[in-house]
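Trainee: Dumping the structure here so I can ask a few things about it.
Read-outs throughout are calculated quantities, based only on the coordinates presented, and are distinct from any laboratory measurement. Keep in mind that what you see is a predicted model, and the values were worked out from it rather than measured. So basically every Cβ, Gly included, is an ideal-geometry build from the backbone, and we count neighbours across all protein chains shown.
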Amino acid sequence: MTALTRREIGALVLGAGVAAAASSAWAKTVADWRLGFKTPPETLDGDLKLLEGRLPPELQGNFYRVGPAQFERAGERLGHWFDGDGMVQRFAIGDGSVRHKGRFVSTDKRRSEQTAGRFLHSGYGFGPKAAAELRRVDDINAANTSILPIAGEVWALWEGGSPWRVDAQTLDTRGRQAFTGPLDGAPFSAHPKRGPDGDVWNFGVLGRSCVIWHLAPDGAVRKTKLIELPAASLMHDFAVTAKYLVLLLPPMHGDAGGEPKSLVDRYRWHADRPLQVLVLDKDTLTIQRRHELPARFLYHLSNAWEDASGTIRLDAFLSDDATFAVKTARDLALGRANPDPTGRLTAITLPPDGGATLDVLPGTGEFPRMNPRRVGSQHRYTYGVIANGIARWDLATGKYDTFSYGPDTWSEEPVFTPRQGATDETDGWLTTTVLNYGLGRTELAVFDARRVSDGPVARLACPYALPLGFHGDFVAA
Ligand SMILES: [Fe+2]
């Protein structure tokens, strides 16, 4: 599998890159959203200052986030948000105070480009002026997408290659997570799911090949399987239920042809093809059911569960097409445009007879999260980012509660931490960050998950601004 995998990814990403236009009009003003796409120093350390409210005494631990952070080298501007080298942020919360630490992940990609002093690698959506030869997929692994706390470490995840192991305290990079045998370097997506037993499920896609991963709580491999997908679909996230794995394959297929400038340029949107759904049995890892939905694109799901009749219910942010992947993420990195989120939270019902229905909830948003204790079982509430704020969607009533930080802010993913011993789904906190570019700083906000509209119960200011990130997780002390 490894040899095929590497040949295939090589074909996907090799080729001359097209230089991203260096933005001569790169704004440096503070009240500018482009502050979120500015390269920070190699390391950051600072204490947060309480602005309002009070940190809940029970909320103690480390809140980790990761995102792209290297946006230029040698005068060349990075041409796609998803290709920036990952920087891990840690907010250590305890005894009423918060301390921040930020470190770049020292990937092979970063080290080689630091040494060269320029961008070397064609990646997800960016091809530098002069691309180096790709030897293996991890050469372009930016470790910039998500965080998996595991076995006392945090893994910084990309989606096409290996996790990168990071020291949970110092944030020093310990190295690539090298699985044994043919799994070494195999794709490991940025959206693993940890079930109530602590086991970790994940997938990884390369063309039409998909690796299914089942790991023990300590990261040891329990089981893997290579399956063939019906199409080479751009798939970023998936869902698990008590019995099943649910894969959603948007009709963004790797059949664009021509000479690819980067990975995403291999893909083409097919408005006349369905969003395909595959349901796999967790024991046998075989496909049990197939469903078809109207043509929609998605990055993220919240959760899935099955009822007694075998009907699977899930919710995800669906978009009309893949504009974000091919255009918006480039506009953001190049400082051209900053549109509001366009995804619509959609409740999807998949009855066992193979049918499918969609119910669109109000508003637009992204980065769905829910109570992690409900992964794979019935949940009622999904939380997510909206323009300038966060929201809580109630899947039972179809209503949502919102909170806005006000203008000149960019809200980031809210992470749910259940209160210790809580049985009610909503009993816990949302920890989140917001770039307040009007004031030139990143802020940390903690919400009572039962009362999102009331605003944060505590809000603290970093002494600096951090680049906008993707995903994170909270590790309770
Ligand atoms: Fe993601």
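Trainee: How much length is gained on full extension from residue 170 to residue 60, taking 0.36 nm per residue of separation minus their Cα-Cα distance? Before the final figure, lay out each step's value.
Mentor: Values: separation 110, 0.36 × 110 = 39.60 nm, distance 1.78 nm.
Full extension from residue 170 to residue 60 adds 37.8 nm.
Trainee: Just to confirm the filter: which trypsin sites (Lys or Arg not before Pro) across the stretch 73-151 are DSSP coil and have at most 11 other Cβ within 10 angstrom of their Cβ?
Mentor: Those that pass, being in a loop and sparsely packed, are 135.
Trainee: Could you give the longest part of the chain that holds none of the chymotrypsin sites (Phe, Trp or Tyr not before Pro) found in DSSP loops with at most 16 neighbouring Cβ atoms within 10 Å?
Mentor: 27-463
Trainee: Let me check against my output: what whole-number percent is the relative contact order of the chain, with C-alpha pairs under 8 Å and at least 6 apart?
Mentor: So the answer I get is 16 percent.
Trainee: Here's another thing I want to ask about it. Are there any GluC sites (Glu not before Pro) in the stretch 65-136 that are in a DSSP loop and have at most 10 other Cβ atoms within 10 Å? List them by number.
Mentor: Those satisfying the criteria are 133.
Trainee: Would you mind computing, in nm to one decimal, how far apart the modelled labels at residue 31 and residue 220 are, each placed 7 Å from Cα along Cα→Cβ?
Mentor: 5.9 nm
Trainee: Which of the residue pairs 109/193; 109/327; 129/327; 225/327; 243/327; 49/109 have a Cα-Cα distance greater than 30 Å in the structure shown? Present the calculation step by step, with values, prior to reporting the outcome.
Mentor: Numbers: 109/193 26 Å; 109/327 24 Å; 129/327 19 Å; 225/327 34 Å; 243/327 37 Å; 49/109 35 Å.
The answer is 225/327; 243/327; 49/109.
Trainee: Right, next: Looking at the square roots a ≥ b ≥ c of the eigenvalues of the Cα gyration tensor of the stretch 2-476, which shape do they give, rounded for a/c under 1.5, prolate if a/b is larger than b/c, or oblate?
Mentor: Verdict is rounded for the stretch 2-476.
Trainee: Moving to a separate point now. Take the alpha carbon gyration tensor of the stretch 249-392, find the square roots of its eigenvalues, order them as a ≥ b ≥ c, and report rounded if a/c is under 1.5; if not, report prolate when a/b exceeds b/c, else oblate.
Mentor: Oblate, since a/c reaches 1.5 and b/c is not below a/b.
Trainee: So, R0 is 35 Å and r is the distance between the beta-carbons of residue 336 and residue 273; what FRET efficiency does that work out to, to 0.05?
Mentor: With R0 = 35 Å, the Cβ-Cβ based efficiency is 0.75.
Trainee: From the square roots a ≥ b ≥ c of the eigenvalues of the alpha-carbon gyration tensor of the stretch 26-161, which class results: rounded (a/c under 1.5), prolate (a/b over b/c), or oblate?
Mentor: Working: a/c = 2.77, a/b = 1.61, b/c = 1.73.
Taking the square roots of the gyration eigenvalues as a ≥ b ≥ c, the stretch 26-161 is oblate.
Trainee: Treating only the Cβ of Lys, Arg, Asp and Glu as charged (+1, +1, -1, -1), what charge dipole size does the stretch 2-476 show about its Cα centre? Round to the nearest 20 debye.
Mentor: 680 debye
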